[in-house]
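Structure first, commentary second.
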Amino acid sequence: MVAATTNIPAWPLTDEQRQIIDLCRDFAAKEIRPRGREVDEADTVTPVDIFAKAAAVGITDFMIPEEYGGGGFTDVFTQCLVQEELCFGDPGIGNLVCSNGFFSDPIMVLGTEEQKKRWLTPLTGPTAVMTALATTEPESGSDAASIATVARRVEGGYRITGQKAWISNAGAADQYVIFAKTDPTQRSAGITAFLVTKDAEGLSFGEPMKKMGQRAIVCREIFLDEVFVPDEDRLGEEGQGFYGLMGTFDISRVVLGAAAVGAARAAYEYALDYAKTRKQFGVPIIEHQAVSFRLADMATRIESARLLTLHAARVIDSGAPARGIAAMAKLTASETAMFVTHAAVQTLGGWGYSREFPVEQWMRDVKLEEIEEGTSDIMRLVISRNLD
């Protein structure tokens, strides 16, 4: 049986990349995997202690440029390698540990030098704060251009009114990127991004939302009631928000693809080990053709998804247009993770359906990857619109 767990990409790695991979692999084994079931059972409690431990060893800020105090691994390729290792430990906790990258991306695209220093520096070091990116609304999911939150021009800045839904880290985060319409008559051309702190007057949060999986990342609604944002906290020019958001999506979709690959690897390895030790009809079940063929399919799909994801990362890092390839990576990796976790449950049989084993949790966790940052249907639409 070919093991899809070596994580040796077809590209050479620097010593620094190998060091961060080894660090994350060790952290995932010692701090993330042992806490996965506990965090899942807690349901709506953010494991801030794990985030703090990750910050102390430099994992939460590895993607922030060095000039702002981060680790300096700003390339998407390295981010994917890290995300895969952390989510191999646990998908929800792995995504939580790296969640500040989603906040920092639009700042790197649209922010001034002053904004980068002011808003990215608190994300670094052992006391790093949590952050959130607020786009989704009750009536606006994958169609980000249809958001209804409005930013009204007033003296010295803006007043933002509206509602966001399914916002990861809402309430726990200290800093937010909020997307709102400065011109409600427009779709994408009317969207502007704003930087807001948790203590802003008029900003409040709903109760934690009950979720199927990835419970380490607690989601809440955000309510904005005439929240004042000064001019200096507008991110980019008016109407540039959608451009910054789409650039962020290209990156985040590929990184989430890597997260899905990591979770798929975890499920595959668990199923493989089980198949080698569990006996049916007097022999290990891996010797049954149906099981061995299923494991072969799992291994093949994981390797294919990894290679496509890392290729998409390289395309982004090269500066070439990446909208289509990013969507391909997310689509392939997320659906691979769903296939592999389902196959792992099937391989374990009744035990796979039991909470005594982690594969049922991982199956619930990876379902999110087919939904967030654009559903699989939306990914197919994006791909079809970016065909050569």
Q. What residues qualify as long-range amide H neighbours of Thr375, i.e. H under 5 Å apart, gap of 5 or more or another chain, H built at 1.01 Å from N?
A. none
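Please state, rounded to one decimal and in Å, the Kirkwood hydrodynamic radius that the stretch 15-123 gives when every pair of distinct Cα atoms enters the mean of 1/r. Spell out each step's value before the answer.
On the way: mean 1/r = 0.0703 Å⁻¹.
That comes to 14.2 Å for the stretch 15-123.
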Q.
Ignoring solvent entirely, what values of log10 I(q)/I(0) come out of the Debye formula for the stretch 131-238 at 0.09, 0.10 Å⁻¹ when each Cα is a single scatterer?
A. -0.21, -0.25
(Q) If amide hydrogens are placed 1.01 Å from N in the peptide plane, which non-local residues have theirs closer than 5 Å to the one on Arg152? (A) Arg159, Ile160, Thr161
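Fully extended, how many nm does the chain gain between Asp225 and Phe293 (0.36 nm per residue separation, minus their Cα-Cα distance)?
18.8 nm
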Q | Accessible area per residue in Å² at 1.4 Å probe, computed on the chain | A | 41 Å²
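Could you calculate, for the chain, the ratio of the Cα radius of gyration to the Kirkwood radius, expressed as Rg to Rh?
Looking at the chain, the ratio lands at 0.98.
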Q: Apply 1/(1 + (r/R0)^6) to the Cβ-Cβ distance of Asp43 and Gln346, taking R0 = 35 Å, and write down the FRET efficiency to the nearest 0.05.
A: 0.85
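Could you give the length gained by full extension between Lys30 and Val57, i.e. 0.36 nm per residue of separation minus their alpha carbon distance, to one decimal place?
On the way: separation 27, 0.36 × 27 = 9.72 nm, distance 1.30 nm.
Contour length minus the Cα-Cα distance gives 8.4 nm.
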Q) If you stretched the chain out fully between Asn386 and Glu238, how much longer would it get, using 0.36 nm times the residue separation minus the C-alpha to C-alpha distance? A) 50.6 nm
Q. Taking the Cα-to-Cβ direction at Arg152 and at Ser318 and moving 7 Å from each Cα, how far apart do the two end points lie in nm?
A. 4.9 nm
(Q) If I take the Cα coordinates of the stretch 250-388 and project them onto the principal axes, what are the three extents in Å, biggest first? (A) 55, 24, 22
Q) Where the accessible area of the chain is counted over protein heavy atoms with a 1.4 Å probe, how much of it, in %, is carbon and sulfur? A) 53 percent
Q: Go ahead and run the numbers for FRET between Phe281 and Arg355, Cβ-Cβ distance against an R0 of 30 Å, rounding to 0.05.
A: 0.65
(Q) Please compute the contact order of the chain in relative form: average sequence separation of alpha-carbon pairs under 8 Å and at least six residues apart, divided by the residue count, as a percent. (A) 18 percent
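The values are calculated or read from the model by the stated rules, or taken from the named source; none is laboratory data. In this text, all values refer to a predicted model and were calculated from it rather than measured experimentally. Using ideal geometry, Cβ is built from the backbone for each residue, glycine included, and neighbour counts are taken over all protein chains shown. For the accessible areas, the whole protein counts, side chains as well, though only heavy atoms, and no ligand, DNA or RNA atoms are used. Shrake-Rupley method; radii C 1.70, N 1.55, O 1.52, S 1.80 Å.
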